[in-house]
1. All but one of (1) part of a helix (DSSP H, G or I); (2) within 14 Å of chain A (Cβ to nearest Cβ); (3) more than 13 Å from the chain's Cα centre (by Cα) hold for B:SER98, so report the exception by its number.
2. Just the residues that are under 16 Å from A:PHE443 (Cβ atoms) and part of a helix (DSSP H, G or I), please, taken from the stretch A:529-552.
3. Considering only residues that are within 25 Å of B:VAL76 (Cβ to Cβ) and more than 14 Å from chain A (Cβ to nearest Cβ), which ones fall in the stretch B:10-23?
4. Only one of A:GLU83, A:GLU2 is among the acidic types (Asp, Glu) and in contact with a strand residue (DSSP E or B) (Cβ under 7 Å, 6 or more places away or on another chain). Can you tell me which?
5. Condition first: closer than 19 Å to B:SER98 by Cα and surrounded by 12 or more Cβ atoms within 10 Å (Cβ to Cβ). Now tell me which residues in the stretch A:575-613 satisfy that.
6. What number of residues in the stretch A:163-219 are of a type in the set (A, V, I, L, M), assigned to a helix (DSSP H, G or I) and closer than 24 Å to A:TRP151 by Cβ?
7. Considering each residue of the stretch B:24-47, count those that are part of a helix (DSSP H, G or I) and either within 13 Å of another protein chain (Cβ to nearest Cβ) or touching a residue at least 40 places away in the same chain (Cβ under 8 Å) (or both), and give that number.
8. Of all residues in the stretch A:595-623, which are part of a helix (DSSP H, G or I) and either touching a Pro at 6+ places or on another chain (Cβ under 7 Å) or at the interface with chain B (Cβ under 7 Å from one of its Cβ atoms) (or both)?
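Any read-out appearing in this document is the output of simple, stated calculations on the displayed coordinates, not a laboratory observation. Just so it is clear, the model here is predicted, and its values are computed rather than measured. Cβ placement follows ideal geometry from the backbone for every residue including glycine, while neighbour counts extend to all protein chains displayed.
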Amino acid sequence: MESLVYVALFAPFVGSMFAGLFFGNAPRNAITGWVASTLLFVSFLASVALAVHVVHHGSVHVTMMDWISAGDLSIPFGFLVDEVSVTMMVVVTLVSTVVHIYSTGYMDHDKSYNRFFSYLSAFVFSMLILVMSDNFAGLFIGWEGVGVCSWLLVGFWYHKADRPFEENPSISPSWAANEAFIMNRVADLGMLVGIFLIYWNIGSLQYDVVFAAMPNLADGILVAIAIALFIGAMGKSAQFPLHTWLTDAMEGPTPVSALIHAATMVTAGVFLVIRANPLFSLEAVSGVSLFIAALGTFVAFYAASMALIARDIKRIVALSTLSQLGYMFAAAGLGAYWIALFHLAAHAFFKALLFLGAGNVMHAMDDELDIFKMGGLKKAMMGSYIYMGIASVALAGLPIFAGFYSKDAIIETAFNEGTYIIWGILVITAGMTAFYSFRQVFFSFHGEKRYEALGFHPHDMYKYVLVAMAPLAILAISFGWFMDDFKAFITKNLPAYEMSHHTHHWAWLLGLIVVIIAVAGIVIAYKKYAGKGANAWKRDEEFEASFIYKLLENQYYVPKFYDEFLVKPYTIASEKFWAIDKAVVDGSVDLIAKAFYKSGDVSRGMQNGNLSSYLNWMGAGALLLVVAAALATAIG
Amino acid sequence: MEIGIGHYLILAGLLFSIGFVGVLRRKNLLMLFFATEVMLNAVNVAFTAIGNYYGDLSGQMFAFFVIAVAASEVAVGLGLLIVLYKKYGSLDLETISSMKG
């Protein structure tokens, strides 16, 4: 089993290194894409084999080597494959494999094809380290690794020029990459503090040791650790107020958005909370957990509200990702860790599918993102239409589809915990989710063919790419059917969260409410946006001028606020400090150099080649010495 | 009036000062040599006077050494001066300086 763990972990690494061989000025080479995809598929098979092993024989724990060992500090390079991590591994490698194959088609014409695969596989490797590590240090390494890969991939088209904020809120790929990276650095500081606190108080970073020792710690320390770790999770999972980077990260290539900014990396924060569930379910940190649930609920609603009016197809999907991450945190905060993980997996499948579908639309529309310019693409892109439809139904949470089971379970949990406010908001958000996801589908695939006037000639993706997306579509439909099996499997490791009899009794009604609201959302979207001819959608200038529309369009002015109150003062302060640095630090160093230069310049005049003047100088020097000696003697 | 050590030393000091000023002020290389010769002999006077004052022969011995060294120095120095004169046609320090700092 040990070798399987290493195969699963290092296959993407080998793929990345292989693609890296064709770096630099090497021409586009189709082999890199296929080798990277094949190796990921191998990794996926190994993960599945490990999953089967874990089902039958329990978890696998391997220690590859000693990593850091200094004094009392001993951190081995170890990997833990248990129910939680193997679930993540299968999800990550499956989505990655599909995305890799998709990318061979999507990035076909890009001149940096080889570089792309090198980064993408490196990302998967980092993500696997993150989920498989058996200690917090390894987790942190993976955590930073995915951050770097995300930076590289968001800024993949770094050569694109900056555009003003009013025209494009994410300005440029390199700007967006830096924003994502810097904002994550802020959160990572919190995470690092949490890890230090753990080591300081417990003396180890191994999960099993740490979680065994936690109940004995003082309440204050536990709360501090929980808050610090959650700050880290907030950054990676883009929770308010560190959320602005996620929508801007859509500047990256669409496969990257699908893999990193929807299916895997952004769920790392949720994974951390699930992984640290022994900490977050302690009585002492119940306040923090409730805060997590409340924040998650807030973000779910907040992001969904912005998605209602967004025009950029990728932004809509990104905002829905934010919203769904909020759902996951709500579940995790309420103690239903396995439900959070279940939604994480289901979400990964249908959201990746949705993103890849959006990528197809973009590809067909020559990278046009504005859904106002699309419409009636159904005929031209039947395959993508079906996939987007399936993914949107799953996202909206209609029965039979995966999203229904997982999201409904979260909403039920909120009811079960007696947190009716959270429940109410989540139900409303479910309706909004259905509305905006179908708004986007109807806008792009139904209604008048607005693109014709603009001179686009859409065509669907390569056939093999559409076939490669099929596993995601199948899972987006069917993943929910395995809820009970999944629960039986995962609760060997996570706390088994059960609904009370009371909730169980009303479960059908709760489910019905959610479905009715979701269907209502879809119907409204259909009425408004899918019509043709006389019923066709027209721009509502009056609404677009209203305060609410402006508020939502400007993302509640949060990016503006950051720009005005954080970025600009910081820039001004930096410029001031730079001036001080130049005057004081540079100045003093320059002064020393200048003093030597000047003194040399002046004393050079002595060397005039005139023996007489040399003798004069010598005489003056000798006199000076005599006087000095005499003075020294006189003073004594 | 008894002539004592004081007189000798004043004479030596005066001679040395004359030589020193000569070294500083003269522009002709040959004159510079003369001036250093004056300075050396001023020191010789001081040596012998002090040697005599203490009844110690080392002072006079030193004076002999200085005379011998000065003689050989003059021999070498004059040789160089002749070469310099042949090269520049003058022994004026202003004209034979070639370094411009």
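1. (1)
2. As a first pass, look at the stretch A:529-552 and keep what is under 16 Å from A:PHE443 (Cβ atoms): A:529-532, A:535-540, A:543-544.
Result: A:TYR529, A:ASN535, A:PHE543, A:GLU544.
3. B:LEU15, the sole residue that qualifies.
4. Numbers: A:GLU83 fails: in contact with a strand residue (DSSP E or B) (Cβ under 7 Å, 6 or more places away or on another chain).
Exactly one of A:GLU83, A:GLU2 is among the acidic types (Asp, Glu) and in contact with a strand residue (DSSP E or B) (Cβ under 7 Å, 6 or more places away or on another chain), namely A:GLU2.
5. Pass one, the stretch A:575-613, residues closer than 19 Å to B:SER98 by Cα: A:603-613.
Correct list: A:MET606, A:GLN607, A:ASN608, A:GLY609, A:ASN610, A:LEU611, A:SER612, A:SER613.
6. First, the residues of the stretch A:163-219 that are of a type in the set (A, V, I, L, M): A:171, A:176-177, A:180, A:182-183, A:186-187, A:189, A:191-193, A:195, A:197-198, A:202, A:205, A:209-210, A:212-214, A:217-218.
From what's left, assigned to a helix (DSSP H, G or I): A:176-177, A:180, A:182-183, A:186-187, A:189, A:191-193, A:195, A:197-198, A:202, A:209-210, A:212-214.
Next cut, closer than 24 Å to A:TRP151 by Cβ only: A:176-177, A:180, A:182-183, A:186-187, A:189, A:191-193, A:195.
Summing the residues that are of a type in the set (A, V, I, L, M), assigned to a helix (DSSP H, G or I) and closer than 24 Å to A:TRP151 by Cβ in the stretch A:163-219 gives 12.
7. Here is the first cut: in the stretch B:24-47, the residues part of a helix (DSSP H, G or I) are B:24-25, B:29-47.
With either within 13 Å of another protein chain (Cβ to nearest Cβ) or touching a residue at least 40 places away in the same chain (Cβ under 8 Å) (or both) added as a condition, the list becomes B:24-25, B:29-33, B:35-36, B:39.
Result for the stretch B:24-47: 10.
8. Of all residues in the stretch A:595-623, those part of a helix (DSSP H, G or I) come to A:595-606, A:611-623.
Selection gives A:ARG604, A:GLY605, A:MET606, A:LEU611, A:SER612, A:LEU615, A:ASN616, A:GLY619.
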